[in-house]
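Take a look at the structure set out below.
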Amino acid sequence: MNTNSSNIMALAPNTSTKRETVCIFGTGDFGRALGHKMIQSGYPVVYGSRSTQISNLIPKDAEVLSHAEAAQKAAIIIIAIQRQHYNFLTPLAEILRGKVVVDISNNLKLNQYPESNAEYLAQLLPGAKVVKAFNTVSAWALQSGALDASRQVFVCGDDVEAKQMVMNIVRALGLTPLDQGSLLAAQGIENYPLQLFPMWKFPMFLSLGLTAFFFFYCLALDIIYTYIYEKNNFSFFIAITIPNRICPVMALILLALVYLPGVLAAIIQLYRGTKYRRFPDWLDKWMLCRKQLGLIALAFASLHAVFTLVSPMRSFVRWRTSKGIISQALNNKTEPLDTTNAWLSDSYLALGILGFFFFVLVGITSLPSVSNSVNWREFRFVQSKLGYLTLILCTAHTLVYGGKWFLSPSAYRWYLPNIYMLSLVVPCIVLVVKFVLVFPCIDKPLTQIRQGWERNPKYSE
């Protein structure tokens, strides 16, 4: 019993350790949420406010004092006030000298001021140890336990000990501190919450542009052309038929664009004979957004799967099927099974199912919660080897389905190729170049370059 009791005591947290008092200037939404979270984590909290009357909104275990009195009771002061109200801190400069002052403010737009709010605060309080933190966390995330929001908290400051004290508080709140270096990084940290999907802009604009192009392309060939020359009104194709043609095309092209920059990077490295020169900016940015391109491609592939599953429910499909049955009945003739077409149909479906399966597998592995549970070799195997396998399967799926149209004159309406022909251009280029790059005579020097060998060492300077 004694042994078990000692083991239990060893595993239990040490609740007897008294935490340092934290002062919070500001009783707004974030100041109250942060104070409540700190009290739950065992920190004594004192608020500095113009009014010392205790409000029902203030956590009940917190103390409310004047700014000067509250600052004297704590070594860490958190400034939960907007920059335009920092002037009240000037008379408190002596009281705050030597104390850790945490700036958590954000701005209304990017680069609103010449310097960051934290640097401006350091100028107002030259004797204080200013640290930037908590500006990437919302009051809602603190109140809800941060279970549904990012746990990462960027921290920067010129004083190492002050940063460590703030990072210890971050950990005590159940969040993850990320040291971003000196206070010079505060500008970037303050801009971070103002950026709306920064890594998604290029993939989204590219996807929207290509989708619009292919929509009008299909609209011209499948609706306008048939209406002018065949007198058929297929305007209802806009609802399902055209989207179900655009989605697989977009999925295949975007998937190929995920692997095209890697192929281009390999060619550039072979040409230069070194890995120590920067790639062009456009290629760097392209490589950084490959994950986003892949996830958008997976979204298009998923839509294609859904559209395909609901196709038999369409009135047009049921009409066309019944028309074929009635035609055979009237002619008293049953068309024999074409085994060649049956093989092509089954192969096309099988390749599509396998391609979509690996597509989903690669997409799931790119998620942070999954990628963090595998090592680098496993992650690279899935993203590279299985990724190229996915591209091969999806390209073969498209070739089997639409390859017959390459030699069919009826497929070239207004002398324009079918949409499926256009979708094969980029994937085929990527696969052909990748096939050449895996030849031993090319792969060996490329591997040596990536391991540090240089054809001409002067480029490394």
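The values are calculated or read from the model by the stated rules, or taken from the named source; none is laboratory data. This is a predicted model, so every value here is computed, not measured. FYI the Cβ positions are ideal-geometry reconstructions off the backbone, even for glycines, and counts take in every protein chain you see. Heads up: the accessible areas ignore ligands, DNA and RNA and are worked out on the full protein's heavy atoms, side chains in. Shrake-Rupley method; radii C 1.70, N 1.55, O 1.52, S 1.80 Å.
Within segment 429-457, being touching a Gly at 6+ places or on another chain (Cβ under 7 Å) and of a type in the set (S, T, N, Q) holds for one residue alone: Asn456. Of the candidates Trp414, Trp453, the single residue that is on the phi > 0 side of the Ramachandran plot and modelled with pLDDT of 85 or more is Trp414. For segment 261-283, taking the residues that are part of a helix (DSSP H, G or I) and over 21 Å from Pro445 (Cβ atoms), the one that is most open to solvent (accessible area, probe 1.4 Å) is identified as Trp282. For Leu96, are the conditions met, namely being in a helix (DSSP H, G or I) and open to solvent by less than 10 Å² (accessible area, probe 1.4 Å)? Considered against the rule, which asks whether it is in a helix (DSSP H, G or I) and open to solvent by less than 10 Å² (accessible area, probe 1.4 Å), Leu96 comes out as no. Scanning segment 241-256 for residues that are closer than 21 Å to Ile392 by Cα, of a type outside the set (Lys, Arg) and out of contact with any Pro (no Cβ under 9 Å at 6 or more places or on another chain) yields a count of 7. Checking the stated criteria, Thr390 turns out not to satisfy the condition of being open to solvent by less than 80 Å² (accessible area, probe 1.4 Å), in contact with a Ser or Thr (Cβ under 9 Å, 6 or more places away or on another chain), in contact (Cβ under 8 Å) with a residue 24 or more places away in the chain and closer than 20 Å to Leu254 by Cα. Within segment 226-257, restricting attention to residues that are within 27 Å of the chain's Cα centre (by Cα) and open to solvent by 20 Å² or more (accessible area, probe 1.4 Å), the residue that is nearest to Met313 (Cα to Cα) is Asn244.
Report every pair of residues separated by at least 6 positions or lying on different chains whose Cβ atoms are under 7 Å apart, first residue within segment 395-417 and among the basic types (Lys, Arg), second assigned to a helix (DSSP H, G or I) and open to solvent by less than 30 Å² (accessible area, probe 1.4 Å). From residues that are among the basic types (Lys, Arg), the pairs are Arg413/Leu221.
Listed by position, the helices (runs of 4 or more DSSP H) contained in segment 288-394 that have at least 1 residues being touching a Phe, Trp or Tyr at 6+ places or on another chain (Cβ under 8 Å) are 290-310, 315-331, 339-365, 368-371. Kindly indicate the residue of segment 423-454 that is of a type in the set (S, T, N, Q) and under 31 Å from the mean Cα position of the chain (by Cα) and also nearest to Tyr388 (Cα to Cα) among those meeting that condition. Among those residues, the one meeting the criterion is Ser423. Against the criterion of being aliphatic (A, V, I, L, M), assigned by the TED database to the domain that holds Met204, surrounded by fewer than 18 Cβ atoms within 10 Å (Cβ to Cβ) and modelled with pLDDT of 90 or more, Leu293 does not qualify. Within segment 356-368, residues that are more than 18 Å from Leu393 (Cα to Cα) have Cβ atoms under 9 Å from residues that are open to solvent by 60 Å² or more (accessible area, probe 1.4 Å) in these pairs: Thr365/Glu378; Ser366/Lys291, counting only partners at least 6 apart in sequence or on another chain.
Checking Val317, Val360, Val306 one by one, the residue that is out of contact with any Pro (no Cβ under 6 Å at 6 or more places or on another chain) and open to solvent by less than 40 Å² (accessible area, probe 1.4 Å) is Val317 and no other. With respect to being part of a helix (DSSP H, G or I), of a type in the set (Gly, Ala, Ser), under 30 Å from Ile78 (Cβ atoms) and out of contact with any strand residue (DSSP E or B) (no Cβ under 6 Å at 6 or more places or on another chain), Gly188 fits the description. Residues considered: Pro91, Pro114. Of these, the only one that is open to solvent by 90 Å² or more (accessible area, probe 1.4 Å) and under 13 Å from Glu190 (Cβ atoms) is Pro114. Does segment 246-256 include one or more residues that are at pLDDT 90 or above and either among the hydroxyl-bearing types (Ser, Thr, Tyr) or outside the structural domain of Phe358 (by the TED database) (or both)? No, because not a single residue in segment 246-256 is at pLDDT 90 or above and either among the hydroxyl-bearing types (Ser, Thr, Tyr) or outside the structural domain of Phe358 (by the TED database) (or both).
When we screen Val137, Val130 for residues that are open to solvent by less than 30 Å² (accessible area, probe 1.4 Å), touching a residue at least 12 places away in the same chain (Cβ under 8 Å) and not in a loop (DSSP other than H, G, I, E, B), the only hit is Val130. Checked against the criterion of being part of a strand (DSSP E or B) and surrounded by fewer than 21 Cβ atoms within 10 Å (Cβ to Cβ), the candidates Leu178, Leu206, Leu210 yield just one match: Leu178.
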